[in-house]
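The next block holds one structure in the form of C-alpha cells; read it before the comments.
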Amino acid sequence: MQLIDPFGRKINYLRLSITDRCNLRCLYCMPAEGVAKLRHDDVLSYEQLLQVARAAVAIGVEKIRITGGEPLARKGVLPFLEQLAEIPGLQRLVLTTNGILLPPVAHDLRRIGIESLNISLDSLRSETFHRITRGGDLQQVLAGIAAAEQAGFPYVKINVVVMRGINDDEVPDFAAMTVDKPYKVRFIEYMPTLKQGNWQEMCVPGEELLSRLSERYALEPAPAEPMAGPASYRRIKGAAGMVGIITPVSCHFCRECNRIRVTSTGVAKSCLFSRDTTDLKSILQTGDHEALQEALRRVVTAKPDRHQLDASHEPDHQVPMSQVGG
Ligand code: SAM
Ligand code: SF4
C-alpha cells in the first residue's frame, strides 16, 4: 500500500509527538514564559498513540519518528516504544531527543529496536548551551551522546540549530566532531516558528555554512540515506562521520517532503506551517479504525505543495515546535 499525495509525493513518514512537555526551554522553540500545560486528558494515551501509528502503517507509513516536547520525559515511554516497534510493516522507528535523559535508557532503546537517535545540541560551550536552552547543562547532553555510542547505535545524528551571533561561530567545531567519530552533524536553518521579529538576521543560510566550512575543510559529497530526511550531506575528506545541512528556509525541500505529523493532542498536520489540521482525537474516541485511516488519508490529500513559512501576512501564527513535534 502506498500513500501518494496530489503532487505525486510518496508519503511514508510520520512524526509522532508524544508530549508537549520538556525539561528544557530552548529559545527558538518555546516562548520564555513556557507554554500553557495541557491537561492530562488532552494528551493522547499510549494506547491512542499506538492506534494512530497502526492506522498510519496500515495505509502506507514505513517510518515513524517519536518526538515531542521531550519524548524521554514522558512516563512509561519504554513499554510504549516496545509495542510500537512490534507493529507489523513498520520498517524504521527513530527518535529525537535533547539527550538529557538518555544515559539510563540508551541500552533499552537499542534493545527495543530504535534504529537511530537524533540528539539536539546547539553549543559545545557550557554558557552558550545554558543560554540557548534557558538553563540546560551541556555535560548532561554529552553524557547522553556517549551513552548512545556505548549502547551500540551505529551512528548518532546531532542536530544543531544555527543562529547568527549566538552559535554560528561554533560550526567548524561541530564539524570537527565528525572527523574521528561516525557522527552525522546536521546544521539546521533557524525557523521563525515563534514569529521572532529578527529571525531573518539570525537565520544562517545552509549554503553560507557550507561555503564557510569549505574554507576550512576539504568537503566531499556524501551519499543520501534510504528514506532520507531533508539533509544534504558532505564528508570532510577522510572523516568517519558526515556533516549535513537542513535548509527549510532558504531552499524548500517541499518537493521531496514525505512526512505528516501528529501532535500529542491528536492533531494531524500535513505540513509544519499549515493551519489546516485534522482532529484525530474525536475519531479515536469512537474506536472506528476505518475512520481513523480515512482521516489520515485525507490529511495526505490536503498536503500543500510547499510550506508558507514566509507567511508574514499571518503575524500571529506561532508554531512552537515543542507542541507540534519538530
Ligand atoms: N526535545 C527534543 C529535541 O530537542 O530534540 C525533540 C523535540 S524538538 C521540538 C525537535 C527538533 O526541533 C530539535 O532538533 C530542535 O532543534 C528543532 N527545532 C525546534 N524549534 C526550531 C526552530 N525554530 N528552528 C529550527 N529547528 C527547530
Ligand atoms: Fe525542548 Fe526540544 Fe524544544 Fe528544546 S527543542 S525546548 S529540548 S522540545
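A few comments on the model shown:
- In segment 73-92, the condition of being within 13 Å of ligand 2 (Cβ to nearest atom) and either modelled with pLDDT of 95 or more or among the acidic types (Asp, Glu) (or both) is met by at least one residue.
- Selection status of ALA311, surrounded by fewer than 18 Cβ atoms within 10 Å (Cβ to Cβ) and either small (Gly, Ala, Ser) or modelled with pLDDT of 80 or more (or both): yes
- Within segment 152-178, being at pLDDT below 95 and under 11 Å from MET242 (Cα atoms) holds for TYR155, VAL156.
- Residue check for VAL61: more than 12 Å from ligand 1 (Cβ to nearest atom), assigned to a helix (DSSP H, G or I) and either under 29 Å from ILE132 (Cβ atoms) or aliphatic (A, V, I, L, M) (or both): no
- In segment 188-226, the residues that are farther than 30 Å from GLY238 by Cα and of a type outside the set (Val, Ile, Thr): MET191, PRO192, LEU194, LYS195, GLN196, GLY197, ASN198, TRP199, GLN200, GLU201, MET202
- In segment 127-139, residue surrounded by the most Cβ atoms within 10 Å (Cβ to Cβ) [restricted to those that are out of contact with any Phe, Trp or Tyr (no Cβ under 7 Å at 6 or more places or on another chain) and not in a helix (DSSP H, G or I)]: THR133
- Matching entry among VAL185, VAL94, VAL162 (being buried (at least 17 other Cβ atoms within 10 Å of the Cβ), among the β-branched types (Val, Ile, Thr), out of contact with any helix residue (DSSP H, G or I) (no Cβ under 8 Å at 6 or more places or on another chain) and under 21 Å from GLY229 (Cα atoms)): VAL94
- Some residue of segment 33-42 being at pLDDT below 95, away from ligand 2 (no atom under 16 Å from the Cβ) and assigned to a loop (DSSP other than H, G, I, E, B): yes
- ARG54 meets all of the listed conditions (1) more than 14 Å from ligand 1 (Cβ to nearest atom); (2) in a loop (DSSP other than H, G, I, E, B); (3) among the basic types (Lys, Arg) but one, namely (2).
- ARG9, sole failed condition from (1) surrounded by 21 or more Cβ atoms within 10 Å (Cβ to Cβ); (2) over 28 Å from THR133 (Cα atoms): (1)
- Residue list for segment 96-126, restricted to those being among the hydrophobic types (A, V, I, L, M, F, W, C), more than 19 Å from LYS75 (Cβ to Cβ), within 11 Å of ligand 1 (Cβ to nearest atom) and not in a strand (DSSP E or B): LEU121
The values are calculated or read from the model by the stated rules, or taken from the named source; none is laboratory data. Predicted, not measured: the structure shown is a model, and the values here were computed from it. So basically every Cβ, Gly included, is an ideal-geometry build from the backbone, and we count neighbours across all protein chains shown.
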